[in-house]
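Chemist: Please see the structure below; I have some questions.
The values are calculated or read from the model by the stated rules, or taken from the named source; none is laboratory data. What you see is a predicted model, and the numbers here were worked out from it, not measured in a lab. Note that each Cβ is placed from the backbone with ideal geometry, even for glycine, and that neighbours are counted across all protein chains shown.
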Amino acid sequence: MSLRKDLKESYSPLLFLASLGAGGMAITFFMYLMFMIPHKGSPIPRFEHVMTALTSGPMWHKLLLVFALGGIIYFAFLHVRLLVWNISEYRKFQRTEAFQTLRSSNAEVQLMAIPLTYAMTVNVGFILGALFVPGLWNVVEYLFPLAIAAFLAIGIYAVKIFTDFLSRVLTRGGFDCEKNNSLSQMLSVFAFSMIGVGLAAPGAMSHVQLTSAIGLGLAAGFTALALLLMAIKIVLGFRAMFEHGVNKEAAVSLWIVIPILTVIGITLFRISMGLHHNFGVHVSQASHYLLFAVIVFIQIFFGVLGHHVMKRIGYYETFISGKGRYPVAYAAICPGVAFVVMGNFLINFGLVKTGLLPKFSIAYFLLYAPLVYLQFKTIAVLMRLNRKMLVADKQDTVARAQHTPAE
């Protein structure tokens, strides 16, 4: 696949969401290993568990491993490739007048897609290391502080981007409330919550109390910031939509609540487990069931609401299946990924752990059926958007040839 080059003014930071979506798809395949492959003594499956399942596990485990590992490798590679491409194109975009225009408008929040994607890169890298590097878990306590440092650096970068935007608005004004008739401003909430969930991972898994405390404290801080901004921005967004109707191009942002709730839910779960393992705080499995059940309920509501709104305005025909190149359409990938991940947590940590659902029963796999369907439906949409917006076509090739000096 040859990617488009030198987009310059036509580039959008929202194209980082293509890389984010690919990384998220790798996570959805990891969920099969997380909950269906035995990994006793470890919070996540690692290389040794994979080799045991491949050599001595039942046949369905072997088939599942080949399927899941193939998906992880492919989408992790796609994530990195699109990340490198985005970084290159973004640097060129920074030298254009379009970039300065973006920095002086509501659209400046689109820059939050960059730290959001960087946080996903760290998550994907951690999974690849655990699954494919033998013995990595033996030195994992040395890696957890590095992971905290990486997420903290990304968090500082995200805070800088957002405070530049917020301070400009608060000192000069100029925020166009009429054009805020969507939930696109909640991209900043998504970024901070993604950083929070990343910090919560070493906080939950480390057996070193200081490492755990630092991870959990920073995770709680970024999550609290995300919740505060969410309370502000969701009210402002719905107020503008009630008055002016939804912005057709950004209507898909109604679904952004879905991934935000998933990462916040997982953060709260990880914080509770870290407090339990390292600080003796009692944890009830029933509380996890209620947490995940409430989140899934709200996600379904926003999923249905967004679908009905987008169907009424012809969003799918225009932005997904249509020929136009609208980077905002990539925002449709994260909700599919997020609901699949949260569905896995509800089924396994919510229903199975509380004894409400026997693992690997018929009912268990029936509950997985809609998640698998949504996963592959989301993959199909991602591939369609990539072909339409990222793959160089003949017109792009001709344009580049015209701007290339003769040798």
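Chemist: Of all residues in region 273-282, count the ones that are without any contact (Cβ under 8 Å) to a residue 40 or more places away in the chain and either surrounded by 14 or more Cβ atoms within 10 Å (Cβ to Cβ) or under 18 Å from Pro202 (Cβ atoms) (or both).
Modeler: The qualifying residues number 2.
Chemist: Considering Leu69, Leu82, which residue is of a type outside the set (D, E, K, R), over 21 Å from Pro134 (Cα atoms), in contact with a Leu (Cβ under 9 Å, 6 or more places away or on another chain) and modelled with pLDDT of 95 or more?
Modeler: The conditions single out Leu82.
Chemist: Need the failing condition index for Trp85 against (1) buried (at least 23 other Cβ atoms within 10 Å of the Cβ); (2) in contact with a strand residue (DSSP E or B) (Cβ under 6 Å, 6 or more places away or on another chain), just the number.
Modeler: Only one criterion in (1) buried (at least 23 other Cβ atoms within 10 Å of the Cβ); (2) in contact with a strand residue (DSSP E or B) (Cβ under 6 Å, 6 or more places away or on another chain) is unmet by Trp85, namely (1).
Chemist: Additional query: For region 55-76, which positions are more than 14 Å from Thr117 (Cβ to Cβ) and surrounded by 14 or more Cβ atoms within 10 Å (Cβ to Cβ)?
Modeler: If the condition is that a residue be more than 14 Å from Thr117 (Cβ to Cβ) and surrounded by 14 or more Cβ atoms within 10 Å (Cβ to Cβ), then Gly57, His61, Lys62, Leu64, Leu65, Ala68, Leu69, Gly71, Ile72, Ile73, Tyr74 are the ones that fit.
Chemist: Of Ala399, Ala369, which residue is in a helix (DSSP H, G or I) and either at pLDDT 95 or above or crowded, with 19+ Cβ neighbours inside 10 Å (or both)?
Modeler: On inspection, the qualifying residue turns out to be Ala369.
Chemist: Suppose we filter Gly343, Gly350 for residues that are out of contact with any strand residue (DSSP E or B) (no Cβ under 9 Å at 6 or more places or on another chain), free of Cβ contacts under 8 Å to residues at least 60 places away in the same chain and not charged (D, E, K, R); which single one remains?
Modeler: Gly343
Chemist: Consider Leu111 against the criteria (1) surrounded by fewer than 22 Cβ atoms within 10 Å (Cβ to Cβ); (2) within 24 Å of Val189 (Cβ to Cβ); (3) of a type in the set (A, V, I, L, M, F, W, C): it satisfies all of them except one. Which criterion is unmet?
Modeler: Failing condition for Leu111: (1).
Chemist: Right, here's the next one. Does Gly155 satisfy the criteria of being of a type outside the set (S, T, N, Q), surrounded by 16 or more Cβ atoms within 10 Å (Cβ to Cβ) and under 19 Å from Pro259 (Cα atoms)?
Modeler: Yes; evaluated as a whole, the condition is true for this residue.
Chemist: Which pairs do you get when a residue that is in contact (Cβ under 8 Å) with a residue 24 or more places away in the chain and within 19 Å of Phe75 (Cβ to Cβ), found in region 5-19, comes within reach of a residue that is part of a loop (DSSP other than H, G, I, E, B) and of a type in the set (A, V, I, L, M, F, W, C), reach meaning Cβ atoms under 9 angstrom, with the pair 6+ apart or on two chains?
Modeler: From residues that are in contact (Cβ under 8 Å) with a residue 24 or more places away in the chain and within 19 Å of Phe75 (Cβ to Cβ), the pairs are Leu15/Leu7; Leu15/Leu390; Ala18/Leu390.
Chemist: Could you tell me whether Ala107 is at pLDDT below 95, under 30 Å from Gly173 (Cα atoms) and of a type outside the set (Ser, Thr, Tyr)?
Modeler: It is true that Ala107 is at pLDDT below 95, under 30 Å from Gly173 (Cα atoms) and of a type outside the set (Ser, Thr, Tyr).
Chemist: Within region 236-256, can one find any residue that is under 22 Å from Leu382 (Cβ atoms), among the small types (Gly, Ala, Ser) and part of a helix (DSSP H, G or I)?
Modeler: yes
Chemist: Further, regarding this structure: Within region 208-254, can you find the residues that are among the basic types (Lys, Arg) and either surrounded by 15 or more Cβ atoms within 10 Å (Cβ to Cβ) or under 28 Å from Phe151 (Cα atoms) (or both)?
Modeler: If the condition is that a residue be among the basic types (Lys, Arg) and either surrounded by 15 or more Cβ atoms within 10 Å (Cβ to Cβ) or under 28 Å from Phe151 (Cα atoms) (or both), then Lys233, Lys248 are the ones that fit.
Chemist: Which ones in region 32-49 are assigned to a helix (DSSP H, G or I) and surrounded by 21 or more Cβ atoms within 10 Å (Cβ to Cβ)?
Modeler: Tyr32, Leu33, His49 - these are the residues of region 32-49 that are assigned to a helix (DSSP H, G or I) and surrounded by 21 or more Cβ atoms within 10 Å (Cβ to Cβ).
Chemist: Here is a follow-up. Collect the residues in region 384-393 that are exposed (fewer than 14 other Cβ atoms within 10 Å of the Cβ) and in a helix (DSSP H, G or I), keeping them in residue-number order.
Modeler: Once the filter is applied, which keeps residues that are exposed (fewer than 14 other Cβ atoms within 10 Å of the Cβ) and in a helix (DSSP H, G or I), region 384-393 yields Arg384, Arg387.
Chemist: In a loop (DSSP other than H, G, I, E, B) and either out of contact with any Pro (no Cβ under 8 Å at 6 or more places or on another chain) or at pLDDT 95 or above (or both) - does that describe any residue in region 291-298? So that I can check it myself, show each step before the final result.
Modeler: Taking region 291-298 first, the residues in a loop (DSSP other than H, G, I, E, B) are none.
No, there is no match, as no residue in region 291-298 is in a loop (DSSP other than H, G, I, E, B) and either out of contact with any Pro (no Cβ under 8 Å at 6 or more places or on another chain) or at pLDDT 95 or above (or both).
Chemist: Given the criterion touching a residue at least 24 places away in the same chain (Cβ under 8 Å) and crowded, with 20+ Cβ neighbours inside 10 Å, identify the matching residue among Ala293, Ala286, Ala331.
Modeler: The unique qualifying residue is Ala331.
Chemist: Another question, if that's okay. Please tell me if Lys323 is modelled with pLDDT of 90 or more, surrounded by fewer than 14 Cβ atoms within 10 Å (Cβ to Cβ) and not in a helix (DSSP H, G or I).
Modeler: Spelling it out, it is not the case that Lys323 is modelled with pLDDT of 90 or more, surrounded by fewer than 14 Cβ atoms within 10 Å (Cβ to Cβ) and not in a helix (DSSP H, G or I).
Chemist: Within region 240-263, can you find the residues that are of a type outside the set (A, V, I, L, M, F, W, C), more than 17 Å from Tyr315 (Cβ to Cβ) and at pLDDT 95 or above?
Modeler: Within region 240-263, Pro259, Thr262 qualify.
Chemist: On to the next question. What are the residue pairs meeting all of these: first residue in region 95-116, first residue within 12 Å of Phe162 (Cα to Cα), second residue assigned to a helix (DSSP H, G or I) and not hydrophobic (A, V, I, L, M, F, W, C), Cβ atoms under 6 Å, and 6 or more apart or on different chains?
Modeler: Pairs found: Val109/Gln185; Val109/Ser188; Gln110/Pro13; Leu111/Pro13; Met112/Ser188; Ala113/Pro13; Pro115/Tyr157.
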